[in-house]
Amino acid sequence: MGGSVSSTLGAVSCCTGGNSAYGARTSSRQATKDYNSERQALLGGDRTDEHQAVAALSRLFETSSRVNVYEGDALRALTTLAKSDVHQLQLSAATAFSEVSAYDVRAVSGEAISTVLGLLQSSHADVQQGAGAALGNLASNVENKRMIVEKGGLQHLVRQMMSPNTDAQADAAGCITNLATDIELKNAVALSGALIPLVRLAGNGDLRVQRNAAGALLNMTHTTEHRRLLVDAGAVAVLVSLLETTDSNTRYYAVTALSNVAADESGRQVLWSTEPTLVDLLIEMTDRVPVRTQAQATLALRNLASDPRFQTYIVIRGAAPALLPMLRSPHPALVSAAAACLRNLSIDAANEKPIIAAGLLPPLTALISGNDRDVQCHALATLRNLAANGGEDKQALLDAGLFDHLRTALSAPQCAPQVSCEIAAALSVFAASMELWLPIVEQGLCRNLVRLLRSPDKDTEYNACLALRALATKRMPEVFEELMHLWVVRAEPRAGLRAYVLRVLTMPEYARSPIRAIALWLVMALLGCVRVDLRKRIVADCQLMAAVEDIARARVACCSSVSTASDTCSVASSAFSRAELVAVGKGRLADGHNHGFMAASPCSEPTVASDLGSPSEADCGEEATFHTWSLACQVVALLHREPAAAAF
């Protein structure tokens, strides 16, 4: 079973160039000396404006440690130099912008952006480099990003990426990396023709160029459409090759981008058909530092493992033993990534034995009683998947302390709603297992299930109800003894199982919910138990009987007249007598029309799936309503099969 996955991590940013604040001041003073020493040589002829601009900048840099070059006299002077046909003056302007922007990034005017973009179009490589560095630094500001795109900066950056100068390439790629952090600009980047040059640069031998290009590619993997465009541009093969680079940042960008590509079915198909070494490389990276790279490699395996082909292959290639130290790691990111990966790997029944053999169950079950909600949910879903797979080695779950940790988690002062939901889903699977149902009863978890019935979350309520019904259908004395005690809680009558069932059968909000059908199923199971006292208690409950009869009499729109032998019947009115309802119910009991419900099936991260779907998504149409009516008729028949008894 495949599963939904998500792209991971936010955007990365690049510092494209410039010096520290201290270095910027020193270099700017040197630039002032250059202005003065070369003034006469460079400004022969009538260059009054340029003379004045150089003089103005000289005064500013001599009198101030940090010059605001984005407005006023400084911007006017730099704009004049930028428009000069003298190489040295253009370079001086580009240098000033790149150095100041290294320590002073703020929202600037369109005039300042236009001036820098003008320098980017210079015929001199060193001027282009300085302007590219300045533009990249300015692009770390949201307003500036949008101004750069509005002023046509992307076209100039794409052209600069094609320069033979590696510094210019790196600065242009770094600027695009920063632009692509803005979700509103990603489409502009894609349409600018930047993707193919970025892919080419990511395969370049220069480490800085590779790093910035890989960062830009990562930032373009956060939407399905852009991931598709990157795949079409040939990014996959380049990203896989970068997994073996010596630069840790580049490697991290590449593995994160690949993890995001693997979030889509189409991306996984490309990875499966074209990259046979990918899984081995990712497994190898789970043992590499830094931690963030290990975590992302594991999350990439998680995303791949939403595809059935990868689920088996990843385990065959040795992922299970590699995940063991991560589950025991002191780093929360590694624990979370490993648990999420196991959640998807555990979907395939063939992986059950390798997972158990690798010794993963003890640390996995211990995570249930931890304090990280996401990790708890991953661990619970994994154990649920293993139990639902139908393998024979359920004793391994018991030996790992599964139910001790479940009890600890449920007794926590504040069990998170999402954790409660996963626990209820897991218990619905365990309750259906012949090997795992008894510990639920012996460790008092039925009481917790009754408490979970009152959860405001409908999925939690649904699965708790499903678990109790599964236990009741075991028809074992231990179960009925426990349910007998929980039917009415004397200290708090409204907290008992009886009060919940009555609420489900009478409240309008449950009229078309599968929960009502499950509640009726539970009543049927209790009426079929060997405990005479429990059966009599239910039969003597006038409110409960009336509620069931009201459901049985309800109008149901189907296609033919009432029939005890067909699932297609119609109740045209609510005028049926009790005797008629009993007759209908007996007929349906004889024909076996007791629609069963299955516990939650194996699920992948991050969804919780069940065979009926969640209550909010289940089919609540005429067929579901008909099933409820059918069950109500059968319960009426069972109620009237029992001899009358005094109310308990």
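Taken together, the values in this text are just the output of simple stated rules run on the coordinates, not laboratory data. What you see is a predicted model, and the numbers here were worked out from it, not measured in a lab. All Cβ positions, glycine included, derive from the backbone under ideal geometry; neighbour counts span all protein chains shown.
Observations on the structure shown:
- Computed lengthening from Ser273 to Glu435, 0.36 nm per intervening residue step minus Cα-Cα distance: 54.3 nm
- Virtual paramagnetic centre 7 Å along Cα→Cβ of Met507, amide N under 19 Å, in segment 451-476: 451-469
- Charged neighbours of His331, selected by a Cβ distance under 12 Å, balance to +1 (K, R count +1; D, E count -1).
- The Cβ shell under 13 Å around Thr312 holds other residues with a net charge of 0, Lys and Arg each +1, Asp and Glu each -1.
- Vicinal HN-Hα couplings computed from phi for segment 108-124 (Karplus, 6.51 cos²θ - 1.76 cosθ + 1.60; Hz; Gly/Pro x): 10, 6, x, 5, 5, 4, 4, 5, 5, 5, x, 5, 5, 8, 4, 7, 9
- Angstrom value of the Kirkwood radius, inverse mean 1/r, which spans all Cα pairs in segment 206-332: 14.5 Å
- Distant-in-sequence amide H partners of Ala554 (H built 1.01 Å from N, under 5 Å): none
- Using the Karplus relation 6.51 cos²θ - 1.76 cosθ + 1.60 with θ = phi - 60°, the per-residue 3J(HN,Hα) values for segment 63-74 come to 9, 9, 6, 9, 9, 7, 8, 9, 7, x, 4, 5 Hz, with x marking Gly and Pro.
- Entries in Lys353/Lys458; Lys353/Lys474; Lys474/Lys536 that, when Cα-Cα distance is taken, lie over 30 Å: Lys353/Lys458
- Across segment 323-337, coupling constants 3J(HN,Hα) worked out from phi with the 6.51/-1.76/1.60 Karplus curve, θ = phi - 60°, read 7, 4, x, 5, 5, 9, 5, x, 8, x, 4, 6, 4, 4, 5 Hz, and Gly and Pro carry x.
- Cβ-defined net charge surrounding Tyr70, 15 Å radius [Lys, Arg +1; Asp, Glu -1]: -2
- Extending 7 Å from the Cα toward the beta-carbon at both Ala357 and Ala495 defines two label points whose distance is 4.8 nm.
- Using only alpha carbons, segment 166-217 has a radius of gyration to Kirkwood radius ratio (Rg to Rh) of 0.95.
- Scattering profile of segment 217-264 at q = 0.17, 0.19, 0.25 Å⁻¹ [log10 I(q)/I(0), Debye over alpha-carbon scatterers]: -0.41, -0.51, -0.84
- Taking only alpha carbon atoms, segment 130-175 gives an Rg to Rh ratio of 0.96, where Rh is the Kirkwood radius.
- Taking only the Cα atoms of segment 40-132, the radius of gyration and Dmax are 12.4, 37 Å.
- Calculated P(r) tail over 23 Å for segment 121-245, as whole % of Cα pairs: 22 percent
- Calculated Rg and Dmax of segment 481-546 using C-alpha coordinates, Å: 11.7, 33
- Rounded to whole Å, sorted largest first: equivalent-ellipsoid semi-axes of segment 304-378, Cα gyration tensor: 20, 12, 11
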